[in-house]
Amino acid sequence: MGAIWDKIRFSRFGGVAEEWSKLFWDKARKIESADNLDLFRLLRYVLRHDSGAIDIGAYRGEVLRRFIGRAPDGTHHAFEPVPHLADELAERFPTAKIHRCALSDEQGTSMFYHVDGWACVSSLNEDRTRSVAGSDRQIKAIETPVERLDDVIPDDQRIDFIKVDVEGLTLNVIRGGRQIIERCRPMLVFEYMSVDDKFTETEPADYYNLLVDDLKYTLFTIAGSGPLSLDRFVDEVKRGDTWNFLARDF
């Protein structure tokens, strides 16, 4: 997306493109803000004082902060592969367990593509990161450990809530945490945008098949609209009015 935008910006259509870009990012900010508000309301409703929660793609800790505030007696985990962000989380949230790694469905090491000044779009997927970031931002490749969630969380810990924001690689994370999900049946909130399909060779049916058909969860939008059939889930993803979805056990 970023590379295409650069080509348009410097063409004779640049003025129109600048206006289009402003409208696009205004809409993006509104979607992100609305999704965050819905998530924070959900946390107030579902977390108990001793709930255990996991923040995958913790970034600067806004969700982790609410985990701790709503469930001060619970054990909380945060995963953040960018070293300086993980260090900040460890300093700000000494009671949480901060894991300096990425998550997937296989253990190993990988390059993580960190966007300078826009870390929230960084990911393990180089093509997606470069497309979204554009050509005018510096991207640094960082070697990072990659773990499976099932290998990190102790077998005797109860997990009530998992938030996943990993820029298109959600399915890999869920597959790597399948044992925890089947054992604890936590509520899941995950980000999913249609742009992800281009870079991960996935489609909405893959999410639906894993979460609904296989794991026996029920899907909703983050605002609570649902239950979502496969057709309606596809429509919600394509429409793009929300980027986050809720999977819960009924």
Residue check for Ala247: under 18 Å from the mean Cα position of the chain (by Cα) and in a loop (DSSP other than H, G, I, E, B): no
Filter pass, Ile174 being in contact with a Cys (Cβ under 7 Å, 6 or more places away or on another chain), surrounded by 18 or more Cβ atoms within 10 Å (Cβ to Cβ) and closer than 30 Å to Lys97 by Cβ: no
Residue that is surrounded by the most Cβ atoms within 10 Å (Cβ to Cβ) [pool: residues in region 72-84 that are part of a loop (DSSP other than H, G, I, E, B) and without any contact (Cβ under 8 Å) to a residue 60 or more places away in the chain]: Glu80
Matching residues, region 85-115, being within 16 Å of the chain's Cα centre (by Cα), assigned to a loop (DSSP other than H, G, I, E, B) and in contact (Cβ under 8 Å) with a residue 60 or more places away in the chain: Ser104, Asp105
Ala53 being surrounded by 14 or more Cβ atoms within 10 Å (Cβ to Cβ), touching a Phe, Trp or Tyr at 6+ places or on another chain (Cβ under 8 Å) and at pLDDT below 95: no
Hey, Phe190 aromatic (Phe, Trp, Tyr), within 20 Å of the chain's Cα centre (by Cα) and under 15 Å from Ile54 (Cβ atoms) or not: yes
Candidate set: region 133-170, residues that are among the β-branched types (Val, Ile, Thr) and over 28 Å from Arg66 (Cα atoms); chosen: the one surrounded by the fewest Cβ atoms within 10 Å (Cβ to Cβ): Ile142
Gly57, sole failed condition from (1) under 22 Å from Ile142 (Cβ atoms); (2) small (Gly, Ala, Ser); (3) free of Cβ contacts under 8 Å to residues at least 60 places away in the same chain: (3)
Extreme residue, nearest to Leu169 (Cα to Cα), among residues of region 100-132 that are in contact with a Lys or Arg (Cβ under 6 Å, 6 or more places away or on another chain) and surrounded by 18 or more Cβ atoms within 10 Å (Cβ to Cβ): His114
Residue in region 216-229 that is surrounded by fewer than 22 Cβ atoms within 10 Å (Cβ to Cβ) and in a helix (DSSP H, G or I) present: no
Which numbered condition Met193 misses (of (1) of a type outside the set (S, T, N, Q); (2) at pLDDT 95 or above; (3) in a loop (DSSP other than H, G, I, E, B)): (2)
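The values are calculated or read from the model by the stated rules, or taken from the named source; none is laboratory data. These figures come from a predicted structure and were not determined experimentally. Reconstructed Cβ throughout: ideal geometry from the backbone, glycine too, with neighbour counts over all protein chains shown.
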